[in-house]
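*Asks:* Got a structure here, written out as structure tokens. Questions coming.
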Amino acid sequence: MSRLISRMDGRRRCPLALTLITALLLPAGAAFAKPAPDGFADLAAKLLPAVVNISTTQTIKSDKPGRPGPDVPQFPPGSPFEEFFKDFLDRNKSKPEAQPRRATSLGSGFVIDGSGLVVTNNHVIADADEITVTLQDDTSFKAEVVGRDTKVDLALLRIKPTKPLASVKFGDSDGTRVGDWVLAIGNPFGLGGSVTAGILSARAREINAGPYDDFLQTDASINRGNSGGPMFNMNGEVIGINTAIYSPSGGSIGIGFAIPSNLARPVVEQLRDFGHVRRGWLGVNIQSVTDEIAESLGLDKPRGALIASVRDGGPAQVAGIQPGDVVLTFDGKEVTDMRRLPRIVAETPIDKTVKVTVWRKRKEHTFDVKVGELKEEEQQAALAPSKQQQPAEPPGTVKTLGLSLANLTPELRERFSLAEDSAGVVVVDVAPDSAASEKGMRAGDVIVEVAQEEVKTPVQITAKIDDAKKAGRKSVLLLVDRQGDLRFVALKIDQS
């Protein structure tokens with residue numbers, strides 16, 4: 001996550017006063033915005049009992065024997081402060097072990113079931129040894145974790161009250177429009193239940209928090225301790241879970257982010273039913289469709305998700321989907337951009353057979369895909385090519401589009417640490433001021449395909465580029481293998 005994105009912080013803002021414009025000033029048939037509410041008191045009184053404070057404690061063991069508690073300041077030799085701390089340091093050196101210390105943190109949550117189910121952010125309770133949930137009337141309960149999901153940053157807790165609790169329901173986050181009023185309730189700075197109001201500022205924000213980024217943005221005040229608290233619409237329904245803020249300096253500037261309820265609801269339901277999340281799996285690596293890629297593939301505009309590679313034996317490969325295909329629809333849902341596909345697939349029931357429409361060879365094709373289950377094992381990171389002194393270019397090197405290309409030889413395999421089964425044309429150098437350099441290509445990359453056709457020699461690549469020039473195309477699409485990681489790169493063609 002970017003350093004500008006901080007969980008649990010925001011800024012305080014009073015509800016906006018809206019000026020009413022008479023109908024005489026509007027053209028006939030113009031849509032009227034909803035007037036600003038006279039106040040939020042009735043709604044807040046109804047919702048506050050269902051919002052809880054969450055406190056956690058964690059035991060932290062020092063990795064510095066003899067140094068319990070905070071570190072002692074270090075001073076230059078001869079400094080008067082050095083003598084001042086001398087006795088303190090000598091006493092601590094005699095202590096064989098540091099004493100563990102207790103760390104506490106605060107957050108918010110809300111009750112979704114009167115029997116005692118509470119929703120919050122996973123980062124609020126992560127690594128906690130003990131979790132305490134406090135209701136509006138100051139009644140406290142020890143909580144147990146029913147399940148958690150790190151990818152969406154949600155956790156479901158259970159407490160055991162002696163009587164049914166006030167609860168709230170999830171609403172339709174897709175039905176809330178930018179500009180609609182929202183209400184946030186939480187536990188800022190540990191002060192207890194606090195109510196703030198604002199508007200929905202934007203939708204579908206990506207803040208690099210995880211693979212399913214689709215945040216709601218609001219100017220309602222979200223401060224430290226608000227994480228995990230609910231964002232309500234004016235019907236009193238939860239449309240978001242407050243999670244993070246944008247803050248260049250660590251202070252609050254009024255840009256807060258919430259997980260939309262339509263993303264959170266199925267996660268919470270699976271945590272309740274299974275204790276973990278069961279997500280659909282397609283078995284592909286994808287990338288965005290840029291303007292250059294869309295033009296090279298014959299798409300009318302950038303849309304869909306470009307398949308960079310498919311997993312052997314995965315659902316996509318079994319169904320016949322190939323690298324270079326662009327997924328346009330999945331199970332009847334339009335894939336408007338790359339980020340939408342993972343969410344659609346994840347929410348699809350496991351073992352369900354769905355229709356997938358892809359763009360291939362300038363035509364649409366439809367495949368039946370049986371959705372698999374996403375396993376939680378960590379993916380192995382691609383190895384970076386070893387940095388070695390670059391010798392002179394090998395004989396037969398061809399230069400095009402800022403790339404110096406050569407046939408794969410045992411010497412080049414050794415120089416760039418390429419696998420024995422690598423196939424294609426190796427890049428031995430990239431001109432620093434070229435379009436290829438701007439797109440991140442580098443020596444050691446292996447070009448596998450050009451214009452979705454397999455290539456094995458530099459001459460084949462130049463021929464494909466010449467064909468693209470003759471066809472009047474502005475760019476050419478390359479499939480590049482970088483240490484086993486496949487991705488598509490669209491390079492502009494110089495028509496001069």
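Only the coordinates and a few stated rules stand behind these numbers; no lab work does. These numbers were taken from a predicted model, which means no experiment stands behind them. Heads up, the Cβs are rebuilt from the backbone with ideal geometry, glycines too, and the neighbour counts pull from every protein chain shown.
*Asks:* Taking the mean number of other Cβ atoms within 10 Å as a proxy for protection, how do you rank 176-185, 474-483 from highest to lowest?
*Replies:* 474-483, 176-185
*Asks:* Where the eigenvalues come from the Cα gyration tensor of the stretch 398-492, what are the semi-axes √(5λ) of the equivalent ellipsoid, largest first, in whole Å?
*Replies:* In descending order the semi-axes read 21, 14, 12 Å.
*Asks:* Using only Cα atoms, what is the ratio of the radius of gyration of the stretch 280-373 to 2.2 N^0.38 Å?
*Replies:* 0.97
*Asks:* On to the next question. Can you work out the PRE-style zone for Arg203? Point 7 Å along Cα to Cβ, and I want the residues of the stretch 160-178 with backbone N under 19 Å.
*Replies:* Within reach of a label on Arg203: 170-178.
*Asks:* Moving on to the next point. In nm, to one decimal, how far is the Lys160 label point from the Thr336 one, both placed 7 Å along Cα→Cβ?
*Replies:* 4.7
*Asks:* Ok, one more. Tell me the net charge near Thr336. Cut-off is 14 Å between Cβ atoms, Thr336 excluded, with +1 for each Lys or Arg and -1 for each Asp or Glu.
*Replies:* +1
*Asks:* Sort 364-371, 107-114 by the packing proxy (mean of other Cβ within 10 Å over each peptide's residues), most packed first.
*Replies:* Ranked by mean Cβ neighbours within 10 Å, highest first: 107-114, 364-371.
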